[in-house]
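Reviewing the structure listed below.
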Amino acid sequence: MLAEILQHEQGRTALHEACHAVAAVVLGLRLDRVLLHAEGGGRADVAGYDPERWPVIALAPAAWAYGDRDEVPGGVLSRGDAAELERALRDGGRTLQDAWDEAKALVRAYRPAIVEVARRLLEAGELDGIVVRRITEMAAPEVHSHVA
């Protein structure tokens, strides 16, 4: 299924946004929706701002792509994700390394949910946050109790 997603023109964007969306759900923030834009971008609409959780949400797509690295590789975050990460690290009390380690663990544990959200996002172009929550709960039953 992952290979099919990556063959799609917006496959990488769908995976990127799915990582943000699933991370937000797992960390207990309200996700209103996740969508793909016709011009190629995407967006995960997460309600609220929590500087303790935002670094993990911002790093989730990089952890998907570079989760084998011990440290955050330089230059891999989108401009928006980098700005959100910088702001959250400045406002919160966690370190970049701590957030990176948590993002890697989250992405590993919820890989099936991320792939399924990306697949459905490619089909529909937009998913409601409730749908993402249900997918996350169903795709990762061994860690279901961590979903807030």
* Residues (out of contact with any helix residue (DSSP H, G or I) (no Cβ under 7 Å at 6 or more places or on another chain) and either among the charged types (D, E, K, R) or at pLDDT 95 or above (or both)) located in segment 83-94 -> Glu86, Arg87, Arg90, Asp91
* To do: Give the residue that is nearest to the chain's Cα centre (by Cα), with candidates limited to residues of segment 22-74 that are among the β-branched types (Val, Ile, Thr) and farther than 26 Å from His8 by Cβ.
  => Val56
* Qualifying position, being exposed (fewer than 15 other Cβ atoms within 10 Å of the Cβ), charged (D, E, K, R) and in contact (Cβ under 8 Å) with a residue 12 or more places away in the chain, among Glu84, Glu71, Glu102 -> Glu71
* Structure fact -> Among the residues of segment 73-94, the number that are over 23 Å from Val117 (Cβ atoms) and in a loop (DSSP other than H, G, I, E, B) is 6
* Among the residues of segment 43-67, which ones are assigned to a loop (DSSP other than H, G, I, E, B) and either surrounded by fewer than 22 Cβ atoms within 10 Å (Cβ to Cβ) or on the phi > 0 side of the Ramachandran plot (or both)? -> Gly48, Tyr49, Asp50, Pro51, Glu52, Gly67
* Within the group Val56, Val22, Val34, which residue is among the hydrophobic types (A, V, I, L, M, F, W, C), under 22 Å from Met138 (Cβ atoms), touching a strand residue (DSSP E or B) at 6+ places or on another chain (Cβ under 7 Å) and in contact (Cβ under 8 Å) with a residue 24 or more places away in the chain? -> Val34
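Could you count how many residues in segment 112-127 are charged (D, E, K, R) and crowded, with 17+ Cβ neighbours inside 10 Å?
3
To keep it simple, each residue is scored yes or no on (1) aliphatic (A, V, I, L, M); (2) modelled with pLDDT of 95 or more.
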residue: Ala44; (1), (2): yes, no
residue: Gly48; (1), (2): no, no
residue: Leu59; (1), (2): yes, yes
residue: Asp81; (1), (2): no, no
residue: Arg120; (1), (2): no, yes
residue: Val131; (1), (2): yes, yes
* To do: Could you check how many residues of segment 1-42 are assigned to a helix (DSSP H, G or I) and closer than 20 Å to Glu102 by Cα?
  => 12
* Structure fact -> Cβ pairs under 7 Å, 6+ apart or interchain, first in segment 127-148 and within 12 Å of Leu27 (Cβ to Cβ), second among the hydroxyl-bearing types (Ser, Thr, Tyr) and modelled with pLDDT of 65 or more, ordered by first then second residue, are Thr136/Tyr110; Val147/Thr136
* Would you check if there is a residue in segment 11-20 being modelled with pLDDT under 95 and either surrounded by fewer than 19 Cβ atoms within 10 Å (Cβ to Cβ) or at positive phi (or both)? => yes
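The values are calculated or read from the model by the stated rules, or taken from the named source; none is laboratory data. Keep in mind that this is a model prediction, so the values were computed, not measured. A quick note on method: Cβ atoms are made from the backbone with ideal geometry, for glycine too, and the neighbour counts reach across all protein chains shown.
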